[in-house]
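Since the structure comes first, as structure tokens, the remarks are kept for the end.
The values are calculated or read from the model by the stated rules, or taken from the named source; none is laboratory data. Keep in mind the model is a prediction, meaning the values are calculated, not measured. Please note: Cβ atoms are built from the backbone with ideal geometry, for glycine as well, and neighbour counts cover all protein chains shown.
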Amino acid sequence: MQDVIGYEENDPAVHSKMQSGYPRFFTNKLVAKLCKYVREKNNIADDFDILPLMSSVSLDIVQRKLECTFNFVEVLGCVFIIIEKNNVLLPAVKDFIRHTGMLLSSRKAEDTLLTLHLISEKHDETISQQQDATKVVKSNLCKAYDAEINENVLLCSSGMNAVYAVFEAIQQSTKRTIKNTIIQAGCLYLDSFEIIRKYSKKSILISIATDFAKLEAQIIKEHKTIAAVFTEVPNNPLLECADIPRIYELCKKYDISLIVDSTIGTAYNLNILPSCDIAVESLTKFACGNGDVMMGAILLNPRSSKADELKRHLLNTIVFPYNKDVTRLAYSIEGYKNRVPIISENTKKIIAYLEQSTAVKEIYSVLNKSSYENFLKIRKHSYSLPGVISVVFDKELAYYYDKLTIPKGPSLGTEFTLAMPYVYLAHYDLINTIDGRKKLQEIGLNPELLRISIGIEPVEDIIKVFKKAGI
């Protein structure tokens, strides 16, 4: 845990030992090498920052949203914003790029370095041998979501780009109306929350996803100005499951779009698309299973009256994925359907074990009383169970975290079990102040919460690790 704190506090002793990290928060070494080349090739002084972007499309989106024109360098399709470190806009630019997932793909950086003869070989990995990798990915998603045709699936460079593209499409489709309010139903993932908070004209947070009465009252009161409701099923990290079918009926009644992030639930576990206008998914997670591809997807409900218009706006805000990322995901996604049931079964057994542990104070999952009936409404199979849980222990998190010998990191959906001190990594700025802890309390986030993404290992091996840690 001390390493986690050191990372958050920018301790050089921690950062110097890191070889890789979550791409939106840690610059990949191939990308960093390309940035160094750009700096040296163009004699860019150290008092300028170099911000790598996926493409000129990314640059257009950044400039359009921030209403500013930036100096940039383009190298073989990779774009680098050049901005002074003392520029007052720099924090806003960095935040926007991070929140919206506009980052340069490491595989694209690698190919560029190869072309420039700055590296002599590329990373050896297994990729799909299918002629049309995009079709493979889309076809798998169509099967999962019952989306009928590939035209209902749009691929994006990251999960956050998918979220932002949908958010911006909503904004554009309603800009000539008074519908300028976005409702967040339940706690959303940090960057989804920040996109809505920072870039919408008005946003409202309903902090408890299962509080349908509060959401309904808000919509009835302000429906004339509400453009969309965003929610996650289940949400992250409290695993609350909102009553999606009921919310969708309410939204249709008042001409409001419903957007659902299905990343944690997955469309192999939950029947999501019929009960929303658009679903978004971070394919980096369960669809990939290996944590080595950044990509997202937007799924359009073909029966939604809003889908066609929103799709027209979406095409102006999507950053399409790099082809090498698609060929890697096309290989990984073939195992998506098979790994989800294994993870579900393991999750069920892990919950049963943790419920009997005296070290466990609270378990968050869709099986909790407030979520269970909502979960049953959209569950696809009797064995379906989202493969993420959160736990609060009888002692401070560090006591067990330091003893827990499983991979630890800020992601989920991997085939290996992965633990994350969620609040320390997502909301560290709130942990160390009284006001901050009050805000966490208001949205139901215990700072000592541990989020666990269950893998496909033999469940006995996972339980053995918990026992060894005294859990």
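Quick look at the numbers
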{"quantity": "Of all residues in the range 1-43 being more than 16 Å from Met294 (Cβ to Cβ) and hydroxyl-bearing (Ser, Thr, Tyr), the one that is nearest to the chain's Cα centre (by Cα)", "calculated": "Tyr7"}
{"quantity": "Some residue of the range 170-187 being under 28 Å from Val326 (Cα atoms) and out of contact with any Pro (no Cβ under 7 Å at 6 or more places or on another chain)", "calculated": "yes"}
{"quantity": "Unique match (being part of a loop (DSSP other than H, G, I, E, B) and closer than 28 Å to Lys29 by Cβ) among Ile119, Ile50", "calculated": "Ile119"}
{"quantity": "Members of the range 274-291 that are of a type in the set (A, V, I, L, M) and either in a loop (DSSP other than H, G, I, E, B) or out of contact with any strand residue (DSSP E or B) (no Cβ under 6 Å at 6 or more places or on another chain) (or both)", "calculated": "Leu283, Ala287"}
{"quantity": "Among the candidates Ile272, Ile206, Ile219, residue that is of a type outside the set (D, E, K, R) and within 26 Å of Thr284 (Cα to Cα)", "calculated": "Ile272"}
{"quantity": "The range 138-160, residues that are touching a Pro at 6+ places or on another chain (Cβ under 9 Å), surrounded by fewer than 21 Cβ atoms within 10 Å (Cβ to Cβ) and small (Gly, Ala, Ser)", "calculated": "none"}
{"quantity": "All positions within the range 409-430 that are crowded, with 16+ Cβ neighbours inside 10 Å and hydrophobic (A, V, I, L, M, F, W, C)", "calculated": "Leu412, Leu418, Ala419, Met420, Val423, Leu425, Ala426, Leu430"}
{"quantity": "Answer from Glu373, Glu355 - the residue that is more than 19 Å from Lys464 (Cβ to Cβ), modelled with pLDDT of 95 or more and charged (D, E, K, R)", "calculated": "Glu373"}
{"quantity": "Scan of the range 150-199 for residues that are outside any helix (DSSP H, G or I) and out of contact with any helix residue (DSSP H, G or I) (no Cβ under 7 Å at 6 or more places or on another chain), ordered by number", "calculated": "Ser157, Ser158, Thr174, Lys175, Arg176, Thr177, Gly186, Cys187, Leu188, Tyr189"}
{"quantity": "Identity of the residue in the range 334-380, small (Gly, Ala, Ser) and assigned to a helix (DSSP H, G or I), that ends up farthest from the chain's Cα centre (by Cα)", "calculated": "Ala352"}
{"quantity": "Filter result (crowded, with 22+ Cβ neighbours inside 10 Å and not small (Gly, Ala, Ser)) within the range 290-311", "calculated": "Val293, Met294, Met295, Ile298, Leu299, Leu300, Asn301, Leu310"}
{"quantity": "Test: residue in the range 428-446 that is farther than 18 Å from Gly186 by Cβ, within 20 Å of the chain's Cα centre (by Cα) and modelled with pLDDT of 95 or more", "calculated": "no"}
{"quantity": "Every pair of residues 6+ apart whose Cβ atoms lie under 6 Å, when the first sits in the range 327-340 and is closer than 15 Å to Gln131 by Cα while the second is at pLDDT 95 or above and of a type in the set (Gly, Ala, Ser)", "calculated": "Thr327/Ala133; Ala330/Ala133"}
{"quantity": "Selection from the range 381-408 of residues that are in a loop (DSSP other than H, G, I, E, B), among the small types (Gly, Ala, Ser) and either touching a Lys or Arg at 6+ places or on another chain (Cβ under 7 Å) or surrounded by fewer than 19 Cβ atoms within 10 Å (Cβ to Cβ) (or both)", "calculated": "Ser382"}
{"quantity": "Total residues in the range 375-402, condition among the hydrophobic types (A, V, I, L, M, F, W, C) and touching a helix residue (DSSP H, G or I) at 6+ places or on another chain (Cβ under 7 Å)", "calculated": "5"}
{"quantity": "Residue list for the range 421-460, filter: within 21 Å of Asp3 (Cβ to Cβ) and among the aliphatic types (A, V, I, L, M)", "calculated": "Val423, Leu425, Ala426, Leu430, Ile431, Leu449, Leu450, Ile452"}
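Okay, residues lined up against (1) within 24 Å of the chain's Cα centre (by Cα); (2) at pLDDT 95 or above; (3) not acidic (Asp, Glu):
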position: Lys201; (1), (2), (3): yes, no, yes
position: Ser207; (1), (2), (3): yes, no, yes
position: Asp211; (1), (2), (3): yes, yes, no
position: Lys214; (1), (2), (3): no, yes, yes
position: Ala217; (1), (2), (3): no, yes, yes
position: Ile220; (1), (2), (3): no, yes, yes
position: Lys224; (1), (2), (3): no, yes, yes
position: Val233; (1), (2), (3): yes, yes, yes
position: Leu239; (1), (2), (3): yes, yes, yes
